[in-house]
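Here the structure comes first, spelled out in structure tokens, and everything after it is commentary.
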């Protein structure tokens, strides 16, 4: 596993996402509730690009007529067939034991730390006064 | 564990072992009007003004949406909205780039859902609209991209106008099938629809029956369901009822050269209804003496089923069994592009198929049904 500099934090507004090429793979990074989450940009079902997913809340119901929303904006609903995944882990909501989108660890770090190493920016220059997203692939 | 496969770009990749890729025939592609004004070239001024003033009216509880909101805007994949604006399916160049080219679509059958042509209540307006939409498909899609085959879509409540439109289009030879809706006022086997079948048979064109439409009845035999979740699979119930109606009323017996293609109704239900029809044929033979053969024989000679939405049983071997029970020769691949329940030809069948079976399902079955040679 190698750590890559994938994007600037300022590239991705809250509720948005960015598709990046990291280690030859198409990765999508989401920004939700102040955190960043990286997944392979591909649904495990039929391959839809998750960058087009709707970012929705976890909606659950204890009985008909009762419902509760939580973790608003942290569930991905696939743009094709609507399968839902937890953007934090890639775990699917409907079949957590068997179906999973591939997720990758993301670390936020400052340009100053990056310049000192040990990580090297692959694709763009790093400046000390920005913060960056590192993805382990 | 089902996990993701890596890929380097968003398009289809060649097969890993270097075999040449199979060109596919996609039996269900939905084009859309970029704007209703696109029909003006084919619609008399009188009906242009009608469309602007009164709109389209089908037997549906609402005039500008479906009774069941369908989970995704315009029922479509969220990645299928053209960058040039307009609804999914309205931009040919984007359809080529996103679907036809990367999947090596050799031929695609156009299925128009816009304006509910088959179900128009104002029959004169319906006749004008069917002419316009049948011309529009050719001018906007088939001519610029000959891979895309237009369908003669007709309103089945006016069989006189439908027959005239089938004959008009057939004489020009630019369409690949006749389209009607499975949700009509009466079951499709009823005699009021037979003139349409006679015209399709005389033209040598298959009859494509794409799910959808509202014939004034609830979408299920037990009434109006509560959720889109239920309504979506009522498509299978509807086409199962229509298969039974067509066979038991003797339509294949009366029109022996006519081919029927059920589109977007899935196929998992086919074995059960066919077995049951055979069982009842033995028991109630004297009620339907016009049937000369077992219902399953008519099904196996006259009917084909497009695959999307493909069945996805938990155990993939069960899908294999269903395919064997129906017969791989009855199945035609369809993607439903650009709708949300699209099937990707690479991943839609979660069971192994032999090379020969893949050729049949993705290409040669449809090639024979639609005479693409």
With springs connecting C-alpha atoms under 10 Å apart, model chain B as a Gaussian network and identify which of B:245, B:296, B:226 has the largest mean-square fluctuation.
B:226
Using only the alpha-carbon atoms, what does the range B:24-369 span along each of its principal axes? Please give whole angstrom values in decreasing order.
56, 43, 42
Cα gyration tensor shape for the range B:195-298, rounded if a/c is under 1.5, else prolate or oblate
oblate
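How high is the FRET efficiency from residue A:88 to residue B:229, r the C-beta distance, R0 25 Å, rounded to 0.05? Mind dumping the intermediate values first?
On the way: r = 27 Å, r/R0 = 1.06.
The computed FRET efficiency comes out at 0.40.
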With all pairs of different alpha carbon atoms counted, what Kirkwood hydrodynamic radius in Å does the protein assembly as shown show?
24.9 Å
Show me the ranking of peptides B:102-109, B:68-75 by mean Cβ neighbours inside 10 Å, starting with the highest.
B:102-109, B:68-75
Find how many whole Å separate the alpha carbon centroid of the range B:333-373 from the alpha carbon centroid of the range B:43-111.
22 Å
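Let me know the mean shielding of B:333-346 by other chains, meaning the per-residue number of their Cβ atoms within 10 Å of its Cβ.
Working: counts 0, 0, 0, 0, 0, 1, 1, 6, 3, 5, 3, 6, 1, 2.
Partner-chain Cβ atoms within 10 Å, mean over residues of B:333-346: 2.
Nearest 5 is fine: what % of DSSP beta bridges in the range B:24-369 come out antiparallel, could you say? Display every interim value, and only then the final one.
Details: 3 of 27 bridges.
That works out to approximately 10 percent antiparallel.
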For peptide B:68-75, compute the average count of partner chain beta-carbon atoms within 10 Å of each residue's beta-carbon.
1
Expected max-MSF residue from A:110, A:92, A:61 in the GNM of chain A (alpha carbon, under 10 Å) is A:61
Exposure proxy check on A:4, B:233, B:210: fewest-to-most Cβ neighbours within 10 Å is B:233, A:4, B:210
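Mean projection of the alpha-carbon convex hull of the range B:28-174 over all orientations, in nm²?
Details: hull surface 36.5 nm².
With the hull built on Cα positions only, its mean projection is 9.1 nm².
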Output the antiparallel fraction of DSSP beta bridges having both residues in the protein assembly as shown, as a percent to the nearest 5.
60 percent
Kindly provide the pair-distance distribution of the range A:3-136 built from C-alpha pairs, with 10 Å bins from 0 and whole-percent values in order of increasing distance.
13, 40, 29, 13, 4, 1
Just checking the output field for A:37-46: average partner chain Cβ neighbours within 10 Å of each residue's Cβ?
4
Label points 7 Å out from Cα along the Cβ direction at residue B:287 and residue A:109: separation in nm?
7.6 nm
Between A:64, A:79, A:13, find the one with the highest GNM mean-square fluctuation for chain A; connect C-alpha pairs within less than 10 Å.
A:64
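Values in this text are rule-based calculations from the coordinates and carry no lab data. Everything numeric in this text was worked out from a predicted model, so none of it was measured. Reconstructed Cβ throughout: ideal geometry from the backbone, glycine too, with neighbour counts over all protein chains shown.
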